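What follows is one structure encoded as structure tokens, with my remarks underneath.
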């Protein structure tokens, strides 16, 4: 389990963390955000390369478990700090009749599949 230290450097695309006394790092260009989810033992990052949004999941050794695109008709918005989920914003042609455009999608910690969970408030 990651203890005491988890940080990411957007400019250099570098995640740095410690497991026990061992300092580990992950290099990923275009990082816009990253969160460590202790109960799932996953590091999840949002990154953008050449205007393409991606969600990537790593195990604690830095092995990529998945690298996925946003759901069809959505763009990634932000990661939840409490649950393994991501807020996505619907494209203008997918806005609900109520006017809501933000939805939570649960992230499968093993393969990155996304399941629509509920409205973002």
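The values are calculated or read from the model by the stated rules, or taken from the named source; none is laboratory data. Keep in mind that what you see is a predicted model, and the values were worked out from it rather than measured. Backbone-built Cβ (ideal geometry, glycine too); neighbour counts: all protein chains shown.
Overview of values
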{"item": "Counted residues, the range 49-86 - those being assigned to a strand (DSSP E or B) and more than 21 Å from residue 6 (Cβ to Cβ)", "result": "7"}
{"item": "Residues that are touching a residue at least 12 places away in the same chain (Cβ under 8 Å), surrounded by fewer than 15 Cβ atoms within 10 Å (Cβ to Cβ) and in contact with a strand residue (DSSP E or B) (Cβ under 8 Å, 6 or more places away or on another chain), drawn from the range 48-82", "result": "48, 59, 61, 62, 67, 69, 73, 75, 81"}
{"item": "Scope the range 104-121; condition at pLDDT 90 or above, surrounded by 13 or more Cβ atoms within 10 Å (Cβ to Cβ) and assigned to a strand (DSSP E or B); matching residues", "result": "104, 105, 106, 107, 114, 117"}
{"item": "The one condition in (1) part of a strand (DSSP E or B); (2) surrounded by fewer than 16 Cβ atoms within 10 Å (Cβ to Cβ) that residue 45 fails to fulfil", "result": "(2)"}
